[in-house]
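K.L.:
Sharing a structure below in structure tokens format, with a few things to ask.
Read-outs: derived from the displayed coordinates by stated rules, not from any lab. Remember, it's a predicted structure, so these values are computed and weren't measured experimentally. Cβ: placed from backbone, ideal geometry, glycine included. Neighbour counts: every protein chain shown.
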């Protein structure tokens with residue numbers, strides 16, 4: 001199948017498939033005489049594995065390691081458990097951070113009584129005063 005068909009089957013964008021090839025997550029596909037990429041069942045399964053890992057938030061480097069293990073399994077897979085333990089800890093930290101952000105947003109939301117004018121709106125005052133929550137950590141986004 002050509003890249004467009006692979007993209008359609010997997011729901012993965014063509015540019016992402018090319019990127020995964022460039023990064024070594026997918027193997028170099030065969031090409032037609034005209035230079036079109038040709039993919040087989042193994043390529044489809046590999047891409048689906050990569051996409052499944054990425055949906056779980058596994059980093060590119062983690063996916064590369066898992067692919068290497070998938071290609072050449074070793075008797076000891078304890079490093080995979082450690083990889084997932086670190087990933088779970090990261091997810092826990094993100095959840096804590098999002099919970100803090102939610103509490104801050106709720107505090108801002110509760111400052112608005114509804115019907116306030118722009119000058120007296122509690123939410124706008126908090127944003128204009130750049131009141132930072134602990135989730136913001138005085139981070140600047142630019």
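K.L.:
By count of other Cβ within 10 Å, fewest leading, how are 17, 88, 9, 3 ordered? Write out the running numbers ahead of the final one.
P.N.:
Details: 17 24, 88 10, 9 13, 3 18.
Least to most surrounded, the residues fall as 88, 9, 3, 17.
K.L.:
With labels modelled as points extended 7 Å from the Cα through the Cβ direction, what inter-label distance (nm, one decimal) is found for residue 113 paired with residue 97?
P.N.:
In this crude spin-label approximation the distance works out to 3.7 nm.
K.L.:
Taking 22 Å as R0, compute the FRET efficiency from the Cβ-Cβ separation of residue 10 and residue 77 and round it to 0.05.
P.N.:
Details: r = 26 Å, r/R0 = 1.19.
About 0.25, to the nearest 0.05.
K.L.:
How do 78, 97 line up, fewest other C-beta atoms within 10 Å first?
P.N.:
Numbers: 78 7, 97 14.
Placing the least packed residue first, the sequence is 78, 97.
K.L.:
Order by neighbour count: 53, 77, fewest other Cβ atoms within 10 Å first, most last.
P.N.:
Details: 53 18, 77 12.
Ascending Cβ contact count within 10 Å gives the list 77, 53.
K.L.:
How long are the semi-axes of the equivalent ellipsoid of region 78-128, taking √(5λ) for every eigenvalue λ of the Cα gyration tensor, in whole Å from largest down?
P.N.:
Details: eigenvalues 328, 12, 6 Å².
Values for region 78-128, descending: 41, 8, 5 Å.
K.L.:
Want the number for residue 88 to residue 106: 0.36 nm per residue separation, take away the alpha-carbon distance, what's left? All intermediate terms of the calculation are to be shown ahead of the outcome.
P.N.:
Numbers: separation 18, 0.36 × 18 = 6.48 nm, distance 2.66 nm.
Length gained between residue 88 and residue 106: 3.8 nm.
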